[in-house]
Every structure is written in structure tokens, then in C-alpha cells.
Amino acid sequence: MGARGSEGEEAKVRKRRLRDPDGTRERLLQAAFKEVRRSGFQSAGINTILAATNVTKGALYHHFDSKEALGYAIVDEVIAKLVRDGWLLPLLSDGQPIDILIGIVRRLPTRPADVRESCPLLNLAQEMSPLNEQFRKRLERLFLAWQEGIATLLRKGQSQGTVRRDLNPEETASFLVAMVEGHASLAKNAQNAKVWEVGTRNIVGWLESLRAPRQSRRGGRRMLKKHVLRQRQGF
């Protein structure tokens, strides 16, 4: 009786899952993302993903034609959402651009697990970009969107007079992304959250240097007066 009851419950669960294909697909996607982040795409085991979701191999290939298709979906849906939620949306916040960037950097994950596994965008780019052009193009789009979001914010700060006018927004944005990913890579290699904390402090210090020089009103008038006098004196 107990065995039959258990079989009956399992059958009900399977039926519910068949009626919820979107939910099944999402569970597969999240389980695959965790496995890829832990083991890398090439070493990620399909059987491990199936065991974590209690889904059949047939159901997986119903939603994703191949392991590569599953990997592309991880980039396009899961990692793209991480970039959007962690950077692109906060970049649209109200406030001074440098304050916004500093706030984002200070909120980046610092848990030991995050340091150990590092940035999934960086990990996949290092592993798959030299091997698979579809992966490379997808990852490149995310990096470019990230950089353009930062550059747009910096241009806004320049127009407001809060960001130095002598810097190139695109190049500065690229450098910030490189610093974030570089320190993430160093922390992962060291397996030490303190390495990331030091990196964060360095990035914040550099961001502070991007602020436009502040002049008092009185100082600005004094400089203008000196300039006018020099012009009259022929300097």
C-alpha cells in the first residue's frame, strides 16, 4: 500500500511537470547554470543536471536541442539577467554618476562561494570564446552592453559637470570592466575574499579620481578676474 501510494505521488508530480513546460525549462536552466558555474561548460555533466531537477533526458532535449543550445540559453537568459540586474539597471538610478558606480562596486558579491566560483561571464569567456564562435558572440554582446551602460552614465556626468571632461567615456568604461573582472580573477585564483576586498577599495579609489574638480564660487570669480587682467596687460 505504501509503495503504491509513493508511485501514485510520483506519477502526479510527473503529470504536473508535463503541464508546466515553462517551469521545467526554467528548472533545467537554473540547474545547468549552477553546474556550469561550478565545473565549467565542457565538464558540466548532463546527468548531474537531470539528477538535480528529476527530469528525463528526453524532456531536457525537448527544451534544448543540444548541450550547446543549453549553454547559449544560460548566456542569453541567466547571465544576461545577472548583468542587467547587477549593473545595467542600477546605472539608470538617480544621483551623481560616480556615486552610482561606487555603490554598484561596493554591492558586488563578496561571499566565499562567490569568490571561489568568480564571475560566470568571465569564466565562460575564458573557457569558451576561443573554442566556440556562438559563445564568443553572445558573451561579447554582454560585455559591450555593460561597457556602453557605464559609458552612457559617464557622458551624463560630463554634461552635468560632475565627471572629468578630459576622460574618454568608452575607454574609461572598458577599463572599469577590466578592473572588476581582473580583481575577480585574482580573488578566484587566491581563493581569498580579502583579495577581492582590496581590489574593491582600489577600484573605488580610482572612481573617486574621475570626479570633476570642484571650485568654489569665489575661487572661480577670482580666477576669471585674473584672466581678464592678464588679457588687458597683454599676457
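None of the figures in this text is laboratory data; all of them are computed from the coordinates on show. Treat the numbers as computed from the prediction; the structure is a model and nothing was measured. Here the Cβ is made from the backbone with ideal geometry for all residues, glycine too, and neighbour counts use every protein chain on show.
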Q: Could you work out the relative contact order of the stretch 94-213, using alpha carbon pairs under 8 angstrom and six or more residues apart, expressed as a whole percent?
A: 39
Q: Show the residues, 5+ positions off or on another chain, whose built amide H is closer than 5 Å to the amide H of Val163.
A: Gln158, Ala212
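Excluding Leu124 itself, what net charge comes from residues whose Cβ is under 11 Å from its Cβ, given Lys and Arg +1 and Asp and Glu -1?
+2
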Q | Förster-model FRET efficiency, 45 Å R0, Arg201 and Glu68, C-beta, rounded to 0.05 | A | 0.70
Q | Label-reachable residues, the stretch 31-72, where backbone N falls under 15 Å from a point 7 Å from Lys137's Cα toward its Cβ | A | 69, 72
Q | Added length on full extension, which subtracts the Cα-Cα distance from 0.36 nm per residue, Asn47 to Ser209 | A | 53.3 nm
Q: Among the listed pairs Lys156/Lys188; Lys57/Lys194; Lys81/Lys188; Lys67/Lys156; Lys67/Lys194, give every one whose C-alpha distance is greater than 32 Å.
A: Lys156/Lys188; Lys57/Lys194; Lys67/Lys156; Lys67/Lys194
Q.
Let me check I've understood the local charge: for Glu170, count other residues with C-beta under 10 angstrom from its C-beta, Lys and Arg +1, Asp and Glu -1. What total comes out?
A. -1
